[in-house]
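Working notes, structure below.
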Amino acid sequence: MTVTRPQREAGSAPDSARFLIVGPQGSGKGTQGVHVAEAFGVPSVSTGDVFRENISGGTELGTRVQAIVESGHLVPDELTCELVRDRLAQPDAARGFLLDGFPRNRAQVDDLAEFLDSRGESLDAVIELSVPRDESIARLRQRAIDQGRTDDTEEVIANRLAIYERETAPILDVYRDQNLVVQVDGMGSLDEVTERIFAALAARGLTPVADDSGGNGAAA
Ligand code: ADP
């Protein structure tokens, strides 16, 4: 699969790349988030993946969150926020990160803001991936067949979407007020959506770092 990305112009790499990707279940945010993180050379952090890895690995954290995740409810904020703070304090996240699945409610928004403030850091963009509800449900049903995720049953899907609409979608207003939201239409092929995301970021002056193969633009 080839994806055409805008070429970086000399000297245009941002100093930091701190991104959130927000969208309903089945919007493709996991896949797209990884593309963005790779292009900008920052780690992609998915709280859902961290929980699932801990559950399948049988860790203490996994044991604590298993029933919650499998019912589609939110893991308590204290636990989730601490996990994210620890991860973002790692050296590989010093220049930036892409967070997928966090923050998911107002308390988590405030916790992240406080954490970043305390470090003199701030977000660069919040990518909002929009897909209509029917499409979201159709994609999750397909994923249930393809991947067999235990939280992709009809009942749990409905629960997760309801929580998204009630608690997560409203956080976008907070970021809209801060002029951070880059809204991208999530309908279409994965490649089309990826291209839209990079174009929308570039329009805000956020362009990926060049490949390390060969010299970089700044030195040329
Ligand atoms: P999806 O967006 O498809 O629901 P995720 O992989 O993002 O899937 O999350 C899976 C589950 O992990 C959630 O339903 C929830 O139980 C838990 N989880 C993930 N992120 C958070 C978060 N920020 N706060 C609380 N719980 C979370």
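Some observations on this one:
- In Hz, Karplus ³J(HN,Hα) per residue of the stretch 139-153 (6.51, -1.76, 1.60; θ = phi - 60°; x = Gly, Pro): 5, 5, 4, 5, 5, 4, 6, 6, 10, x, 5, 5, 9, 9, 7
- Amide hydrogen proximity for V45: with H placed 1.01 Å from N in the peptide plane, the residues at 5 or more positions away or on another chain lying under 5 Å are L98, L99, D100.
- Under Karplus coefficients 6.51, -1.76 and 1.60, residue-wise ³J(HN,Hα) of the stretch 162-179 in Hz, glycine/proline x: 5, 5, 4, 5, 7, 10, 8, 3, x, 5, 5, 5, 4, 6, 4, 4, 8, 6
- Relative contact order for the stretch 58-155: 25 percent, from Cα pairs under 8 Å spaced at least 6 residues apart, divided by residue count.
- Note: relative contact order over the chain, using C-alpha pairs below 8 Å and six or more positions apart, is 37 percent.
- The helix-based estimate of mean residue ellipticity at 222 nm for the chain, built from -39,500 (n - 2.57) per DSSP H run of four or more residues and divided by its residue count, is -15000 deg cm²/dmol to the nearest 500.
- Compactness ratio for the stretch 69-220: Cα radius of gyration over 2.2 N^0.38 Å (N = residue count) comes to 1.19.
- Cα extents for the stretch 141-188 along the principal axes, largest to smallest and rounded to whole angstrom: 39, 25, 12.
- Every Cα-Cα pair of the stretch 1-139 was included, and the share exceeding 18 Å stands at 60 percent.
- Calculated P(r) of the stretch 86-161 - Cα pairs past 15 Å, %: 68 percent
None of the figures in this text is laboratory data; all of them are computed from the coordinates on show. Model, not experiment: these values are computed from the prediction.
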